[in-house]
Amino acid sequence: MDDAWMNEALHQDRADLLALIRMRFNKNISQWEEAVSRVDDGDFLERMILVAANAPNYEAFEEEWKAGPSAFRIDQQPGYQNSQGTRKDSHHLIHLAAAGEGTDLTMLAKSLL
């Protein structure tokens with residue numbers, strides 16, 4: 001794979017993850033910027049994007065982050081309610097987030113709120 005392409009993909013994944021942290025958990029991302037910028041493992045970043053999109057709360061996201069790149073799991077949740085009280089099925093959201101090319105993570109994150 002081309003290094004320039006890989007660097008751009010990592011940059012975009014980092015930006016997507018930080019945006020999800022801000023939108024989903026209403027957190028100031030300044031505390032996350034340094035930690036996320038140090039990640040060079042694309043698979044871990046993609047996993048954390050899925051976790052950020054599907055975690056039932058900030059604490060669950062933080063626990064997955066601390067588990068690091070070697071832990072690959074998303075606890076199966078039967079679902080949760082977003083801020084409007086709409087029931088969301090986390091398995092369906094994982095499928096949407098993993099849909100691949102063309103998936104708009106910003107729209108996905110907004111659907112969670």
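Report, in debye and to the nearest 20, how large the dipole of segment 1-67 comes out about its Cα centre when Lys and Arg carry +1 and Asp and Glu carry -1 on their Cβ.
Approximately 400 debye in magnitude.
Would you mind putting 29-36, 8-15 in packing order, based on average other-beta-carbon counts within 10 Å, highest first?
Result, highest mean Cβ count within 10 Å first: 8-15, 29-36.
Which sequence of Lys66, Lys27 reflects their accessible areas, 1.4 Å probe, from the largest down?
Lys66, Lys27
How far apart, in nm, are the 7 Å Cα→Cβ label points at Lys27 and Asp43?
If labels sit at Lys27 and Asp43, their model points lie 2.4 nm apart.
What ³J(HN,Hα) values, in whole Hz, does the Karplus curve 6.51 cos²θ - 1.76 cosθ + 1.60 give for segment 22-28 when θ = phi - 60°, with x put for Gly and Pro?
With coefficients 6.51, -1.76 and 1.60, one gets 5, 6, 6, 10, 6, 9, 5 Hz.
Quick one: 3J(HN,Hα) in Hz for segment 53-61, Karplus 6.51/-1.76/1.60 with θ = phi - 60°, rounded, Gly and Pro as x.
Per residue, the Karplus-derived 3J(HN,Hα) values read 6, 10, 4, x, 7, 4, 4, 5, 4 Hz.
The values are calculated or read from the model by the stated rules, or taken from the named source; none is laboratory data. What you see is a predicted model, and the numbers here were worked out from it, not measured in a lab. Please note: Cβ atoms are built from the backbone with ideal geometry, for glycine as well, and neighbour counts cover all protein chains shown. Accessible surface is based on the protein model in full, side chains and every heavy atom, while ligands, DNA and RNA are left aside. Shrake-Rupley method; radii C 1.70, N 1.55, O 1.52, S 1.80 Å.
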